[in-house]
Amino acid sequence: MDPLDKLSREKLIFYLTVPLSSIIIFSNLFIIIGIACNRQLHNTPNYFFLSLLVADLCTGITLPFIPRMTLDQQLDFKHCLVMYIFPNFLFLSFLFNLVMVHYERYLCIVSPLHHSQFWVYRCFPLALLTVWLPPLLYASLPAFGWNNWVEPNAYKSSVSNETFLRSTASRNSSKEDEVCSYKQVFPKAFIFLEVCGLVLPAMLSIVAMMGRVLWITRKQLQNICKLHRAVDRLQQQQPSDHEQQLNLRYAKCVAAMSLTFLVCWVPYIIYQLMSVTALQTGVSLPSSSMYIIMSCMGIGSMAVIPLILGLANKQYTEPISRLMLKLRNRWRGGQNNRDIAL
């Protein structure tokens with residue numbers, strides 16, 4: 001790749017990821033402090049959500065480095081592995097935590113009276129281990145030998161009669177030839193297995209749980225409306241507006257979930273389809289600006305999902321909101337005292 005072209009792509013990645021990464025980091029810290037300061041939120045469901053926030057915070061920190069994985073760099077084998085394995089592990093752990101949070105809330109809705117009897121609640125440390133350990137093991141497979149790394153000049157046999165200057169020159173040339181690329185760290189089979197065996201099943205499971213919850217909510221809403229109609233008939237009253245309000249709330253819930261899916265999931269789905277298509281056809285999409293933009297939008301939009309879930313809950317934001325209100329009142333009070341003194 002042309003150095004000027006590579007520099008322009010790095011600038012594009014910087015301008016796209018740094019503002020989004022800053023928003024994700026500070027928003028997660030905002031919600032984490034809110035949960036930590038409220039003792040009423042110290043329970044198993046919120047511990048799962050706290051784990052998701054930590055994973056999302058780590059994803060926000062590594063977000064500027066994920067699109068750079070498509071660019072070739074001059075790195076040795078160890079540093080190249082760390083550069084690719086660590087962000088991949090954090091993203092997979094974020095995805096596993098997201099599935100666990102949806103699964104925990106799905107159990108509360110499907111079985112509201114007996115959800116505490118499921119293994120997720122009885123074996124919380126084991127459940128927490130399942131969202132961090134498998135991503136770490138899978139992301140570390142390239143470090144255990146499943147990679148395409150080829151040492152430069154490895155095919156050459158060493159000659160015992162070489163001079164010191166010639167050996168030094170060969171080492172320098174080998175270091176210059178060490179190009180770190182995702183193709184050398186991640187084989188095609190590894191990427192296909194991650195996309196088709198981990199990422200897509202996780203996304204489909206979340207969509208299935210969301211659809212099931214909406215279906216249960218619709219059934220319960222119909223039953224409530226039937227009871228209201230029966231009461232109105234017995235009391236010989238006109239149908240109240242309560243049924244219309246319930247239908248309106250349900251419609252708002254469906255619209256909010258659909259909008260969240262379109263904004264947060266669709267860009268990532270397009271990014272994954274572009275990645276799989278590039279692997280199948282051999283087209284060098286990773287070097288294009290469009291691919292970099294879609295990767296930034298896809299990963300960034302996925303990282304926004306926990307923020308939507310957290311900021312929508314007033315219990316998570318109440319402690320920080322009170323603190324900000326106190327600081328604002330003190331600042332206004334100090335300013336008023338200065339005006340009176342003048």
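If only one of VAL207, VAL195 is within 14 Å of SER275 (Cβ to Cβ), β-branched (Val, Ile, Thr), surrounded by fewer than 17 Cβ atoms within 10 Å (Cβ to Cβ) and modelled with pLDDT of 85 or more, which one is it?
VAL195
Just to confirm my filter: which helices (runs of 4 or more DSSP H) fall fully inside segment 75-158 and include at least 2 residues that are on the phi < 0 side of the Ramachandran plot and open to solvent by 90 Å² or more (accessible area, probe 1.4 Å)? Give the derivation first.
Values: elements: 77-110, 119-122, 124-130, 133-139.
Qualifying helices (runs of 4 or more DSSP H): 77-110, 119-122, 124-130.
Looking at the structure I just gave you, is LEU90 closer than 23 Å to MET294 by Cβ and among the aliphatic types (A, V, I, L, M)? Spell out the reasoning first.
Numbers: closer than 23 Å to MET294 by Cβ: yes; among the aliphatic types (A, V, I, L, M): yes.
Answer is yes for this residue.
So that you can scan it fast, the table gives a plain yes or no per residue for (1) over 17 Å from the mean Cα position of the chain (by Cα); (2) β-branched (Val, Ile, Thr):
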residue	(1), (2)
PHE94	no, no
ILE109	yes, yes
HIS114	yes, no
PHE118	yes, no
THR130	no, yes
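Please find, within segment 59-71, the residue that is modelled with the lowest pLDDT out of those that are within 15 Å of SER27 (Cα to Cα) and surrounded by 20 or more Cβ atoms within 10 Å (Cβ to Cβ). Break it down into steps so the answer makes sense when it comes.
Kept after step one, since they are within 15 Å of SER27 (Cα to Cα), are these residues of segment 59-71: 59-61, 63.
With the extra rule that they be surrounded by 20 or more Cβ atoms within 10 Å (Cβ to Cβ), the set shrinks to 59-60, 63.
Numbers: THR59: 90, GLY60: 90, LEU63: 87.
Checking each candidate, the answer is LEU63.
The values are calculated or read from the model by the stated rules, or taken from the named source; none is laboratory data. Just so it is clear, the model here is predicted, and its values are computed rather than measured. Neighbour counts are summed over all protein chains in view; Cβ atoms, including those assigned to glycine, are modelled from backbone coordinates with ideal geometry. Side chains included, ligands, DNA and RNA excluded: accessible areas come from the protein's heavy atoms. Shrake-Rupley method; radii C 1.70, N 1.55, O 1.52, S 1.80 Å.
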